[in-house]
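Since the structure comes first, as structure tokens, the remarks are kept for the end.
The values are calculated or read from the model by the stated rules, or taken from the named source; none is laboratory data. Every value quoted in this text rests on a predicted model; they were computed, and no experiment measured them. Heads up, the Cβs are rebuilt from the backbone with ideal geometry, glycines too, and the neighbour counts pull from every protein chain shown. These accessible areas exclude ligands, DNA and RNA; they are computed on the full protein's heavy atoms, side chains included. Shrake-Rupley method; radii C 1.70, N 1.55, O 1.52, S 1.80 Å.
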Amino acid sequence: MNKDAQITVFKPDELSAYHFDNDKTFISEKVDGVQQFIEVLFNGCVSVYFLKTALGDDRFFMRKKDTELLEVTYKEERVVENDKVYLKESAQHIIVLKKLMKDQVALFERIDQMGRPNAFNLVPLARAYQKKACPEQADAPTKGGFKLGLAIEGVGGIVNYQDIGFFTDKSYFQPGVLLHLGSARNAGKIFLRTGLLISQLEERRGTKSLLKIPIQVEYLYPGPVFRPRLAAGVSIFKPLYNSITLTAGFNVKLMKSSFFSFNYDFDVKPLTVFFLVPSNQVLGNTFSVGFYQKIAFSAR
């Protein structure tokens, strides 16, 4: 690649489609009266498309060949009945899907049970429809696939443990690497947070390594620059304890896929061996900063 080559920028009304070598294809379509590039998740009898807005929202679209583009909309609203507040989901997405697949009634029960539309249920549904409605295309190669997101975060910070046996009660330096694994389609919101953190604790006979392995479910708010995040789960400490771990933090965007990160971990000893109930015994507090790098890959 010639780094000095001139960069040409094309607008959605200037290209009908384009493709990347990483198996991503985009087509130009009019959405809300504006021409935009939307990603092709599946191309078949019923095609599936994806658009991530500037606010980080996910929008999914489907259509049959030579028909109009239909948005698979989903909304939740709060309703009050008998002085109680309930969360009610709209049925608009179900209506759209049944309209598209009205010739395959056998799929209606699956549509009724699918919940919030996303790449993990719309693409398999489109594949299932294709096998029934267009069996001659069932073995044709498609560009669909599940897009997984991985972020690697290198961190370093200060941890203060409490009530940890014979170790000196003081603050220790704790470096480590964290992994954030989730769906790149679901607005990058929900992740599995894990990794390895290490600290050298002092005791009478010298120092000893303490390893911490967090296993948490993490929510990341997909803001354009500032992205708060929360995580909850458990941590395995070797060789000492296990804990219930709550994490709060935020990312600040540096470049397209790179972020500065700040984290606070609050570790509490569990009341039972099954981690379900926290006790009133605090195990430790951790403040750390790091560098957060996003990576995306496909899984078929």
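One residue is enough: does the range 3-15 have a residue meeting the conditions part of a strand (DSSP E or B), at pLDDT 70 or above and either of a type in the set (A, V, I, L, M) or loosely packed, with under 10 Cβ neighbours inside 10 Å (or both)?
Step one: list which residues in the range 3-15 are part of a strand (DSSP E or B), which gives none.
Looking through the range 3-15, none of the residues is part of a strand (DSSP E or B), at pLDDT 70 or above and either of a type in the set (A, V, I, L, M) or loosely packed, with under 10 Cβ neighbours inside 10 Å (or both).
Considering the range 83-136, and only residues there that are open to solvent by 60 Å² or more (accessible area, probe 1.4 Å) and touching a residue at least 40 places away in the same chain (Cβ under 8 Å), the residue that is farthest from Lys64 (Cα to Cα) turns out to be Arg116. With respect to Met114, is the statement that it is at pLDDT below 90 and of a type outside the set (D, E, K, R) true? Considered against the rule, which asks whether it is at pLDDT below 90 and of a type outside the set (D, E, K, R), Met114 comes out as yes.
Rundown of residues vs (1) at pLDDT 75 or above; (2) in a strand (DSSP E or B); (3) over 18 Å from Gln162 (Cβ atoms), yes/no style:
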position: Ile213; (1), (2), (3): yes, yes, yes
position: Ala232; (1), (2), (3): yes, yes, yes
position: Thr245; (1), (2), (3): yes, yes, no
position: Gly249; (1), (2), (3): yes, yes, yes
position: Asn263; (1), (2), (3): yes, yes, yes
position: Val273; (1), (2), (3): no, no, yes
position: Phe291; (1), (2), (3): yes, yes, yes
position: Ser298; (1), (2), (3): no, yes, yes
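Can Arg193 be described as touching a strand residue (DSSP E or B) at 6+ places or on another chain (Cβ under 6 Å), among the basic types (Lys, Arg), surrounded by 19 or more Cβ atoms within 10 Å (Cβ to Cβ) and at pLDDT below 90? Judged against the criteria, Arg193 is not a match. Scan the range 209-231 for residues that are within 17 Å of the chain's Cα centre (by Cα), of a type in the set (Gly, Ala, Ser) and over 12 Å from Ile190 (Cβ atoms) and the total you get is 1.
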